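Novice: Okay, handing you the structure first.
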Amino acid sequence: MATTTSYLGFANLPNQVQRKFAKKGFEFNLMVVGESGLGKTTLINSLFGTNINSNRKIPTTQELLDRTLSIETTSLDIEERGVRLKLTVVDTPGYGDALNCSDNYDPILQYIDEQHRKYLTNESGLNRRQIRDTRVHCCFFFISPINYGLKPADVRFLKLLQHKVNIVPLIAKSDFLTPNETSTLKKRILEEIKQHQIDIYTIPDCDPDDDIEYKEHVRQLQNSMPFAVSSSVDIIEVNGERIRGREYPWGIVRTECDDHSDYVKLRSMLVSQMQDLHEVTHDLHYENYRSLHLANSGGDMSPMTRRFNTSDVRDNVSILSGMTMDETEKDRLLLEKEAEIRRMQQELAKIQDQIRLQSLQQNDLTTTVAANGATNGHSK
Ligand SMILES: Nc1nc2c(ncn2[C@@H]2O[C@H](COP(=O)(O)OP(=O)(O)O)[C@@H](O)[C@H]2O)c(=O)[nH]1
Ligand SMILES: [Mg+2]
């Protein structure tokens, strides 16, 4: 556990957002995913002043060949203006790391499901007041700056992630791109996300009574998606000023300067939308998990009931499919299974409505008969 000071900037938040924080201390879990080498660990270390992976050992060729993804979590206690935040960062080594080039997303998907399962088990247990919330509230999805948009592997992974977690897409290493290239790539990524019907996290509009400045700030954040970030762990001295940046033979990229990178906007989005990211996780992604679980357990919420979620479906699909089935076919079967489960849930809801209606009619009938009986009694 590391302890750090003022990195996020609650102090700069408008009062109404600070009040939301102050009400309850806050637990927040952030995951970073994406291909290896896109700067995930650097961004995290730069955002939170941590030093994740500082003593990571270099794997041998055999270890690389055998590699499954190992997921590393680091917890930080942040306190600013008396507001406490327990932040956990989940760093993933990056798909495509395995030398056999297989896309192995399963450990990441399983990690997310596992945190939902833990929460569900705790919620159905006795000690509901002190549930530790390890669910992933936000997932930074890193996209390479050197492609014309999303890669097929990105699309496949996004489709598997979208109903489990709030996805915030990021263009990595934006210092590779000119401002024009950045805005073209942003547009292209948004179009592809729309075309593939992928649900990403959307920053909600402000409340009507929020400050005008804050409204403008949120509008800028909304327009910046997907954030194009450049980050660095280095502090460089320029004309006596110490800045965070990347030094090249031709000049310096100031990572905290809006003209060079969306880094500050990303940090600001994370802090200002923390409450909303929390709520969407609970109301949407956790509910998705819970309803899939309920569909399988027939409504039995006991912690002992068999766990059922999309990763189970995926396991079943893998077993059925054998080793030769390609990822696209697996995805299709997975989506079919999910659609089937949704249909079953709708059927179940209809039957429950019918039963409710019948019992209401039954009650009405009984009341009418009783009333008639009473009237008849009087008339005798
Ligand atoms: N040009 C550039 N290089 C970066 C940036 N962020 C990280 N790097 C470099 O990219 C390499 C891989 O970074 P790392 O954070 O380990 O990537 P990860 O595998 O995604 O965790 C390192 O040499 C970093 O210094 C960036 O924003 N721009
Ligand atoms: Mg890394």
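The values are calculated or read from the model by the stated rules, or taken from the named source; none is laboratory data. Just so you know, these numbers come straight off a predicted model, no measurement behind them. Methodologically, a virtual Cβ is constructed for each residue, glycine included, from the backbone with ideal geometry; neighbour enumeration extends over all protein chains shown. With ligands, DNA and RNA removed, areas are computed over all heavy atoms of the protein, side chains included. Shrake-Rupley method; radii C 1.70, N 1.55, O 1.52, S 1.80 Å.
Novice: Open to solvent by 10 Å² or more (accessible area, probe 1.4 Å), within 15 Å of Ser174 (Cα to Cα) and of a type outside the set (Gly, Ala, Ser): is that true of Asp258 in this structure?
Specialist: Numbers: open to solvent by 10 Å² or more (accessible area, probe 1.4 Å): yes; within 15 Å of Ser174 (Cα to Cα): yes; of a type outside the set (Gly, Ala, Ser): yes.
It is true that Asp258 is open to solvent by 10 Å² or more (accessible area, probe 1.4 Å), within 15 Å of Ser174 (Cα to Cα) and of a type outside the set (Gly, Ala, Ser).
Novice: In the stretch 122-167, how many residues are at pLDDT 90 or above and of a type outside the set (A, V, I, L, M, F, W, C)?
Specialist: Here the count works out to 16.
Novice: List the residue pairs whose Cβ atoms are under 9 Å apart, where the first residue sits in the stretch 171-183 and is away from ligand 1 (no atom under 14 Å from the Cβ), the second is at pLDDT below 95, and the two are 6 or more positions apart or on different chains.
Specialist: Hits for this filter: Pro179/Asp259.
Novice: Also, I was wondering about something else. Does the stretch 7-30 contain any residue that is at pLDDT 85 or above, within 13 Å of ligand 1 (Cβ to nearest atom) and crowded, with 16+ Cβ neighbours inside 10 Å?
Specialist: Step one: of the stretch 7-30, the residues at pLDDT 85 or above are 27-30.
Narrowing the set further to residues that are within 13 Å of ligand 1 (Cβ to nearest atom) leaves none.
Within the stretch 7-30, none of the residues are at pLDDT 85 or above, within 13 Å of ligand 1 (Cβ to nearest atom) and crowded, with 16+ Cβ neighbours inside 10 Å.
One line per residue, one yes/no per condition, for (1) outside the structural domain of Asp276 (by TED's automatic domain parsing); (2) aromatic (Phe, Trp, Tyr); (3) within 24 Å of the chain's Cα centre (by Cα):
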site: Leu185; (1), (2), (3): no, no, yes
site: Ile200; (1), (2), (3): no, no, yes
site: Ile203; (1), (2), (3): no, no, yes
site: Cys206; (1), (2), (3): no, no, yes
site: Gln222; (1), (2), (3): no, no, yes
site: Phe227; (1), (2), (3): no, yes, yes
site: Glu237; (1), (2), (3): no, no, no
site: Glu241; (1), (2), (3): no, no, no
site: Pro249; (1), (2), (3): no, no, no
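Novice: Got at least one residue in the stretch 55-73 being modelled with pLDDT of 75 or more, more than 15 Å from ligand 2 (Cβ to nearest atom) and touching a helix residue (DSSP H, G or I) at 6+ places or on another chain (Cβ under 7 Å)?
Specialist: There is no residue in the stretch 55-73 that is modelled with pLDDT of 75 or more, more than 15 Å from ligand 2 (Cβ to nearest atom) and touching a helix residue (DSSP H, G or I) at 6+ places or on another chain (Cβ under 7 Å).
Novice: Specify which of the listed residues (Arg156, Arg244, Arg188) is in contact (Cβ under 8 Å) with a residue 40 or more places away in the chain and open to solvent by 80 Å² or more (accessible area, probe 1.4 Å).
Specialist: Result of the check over Arg156, Arg244, Arg188: Arg188.
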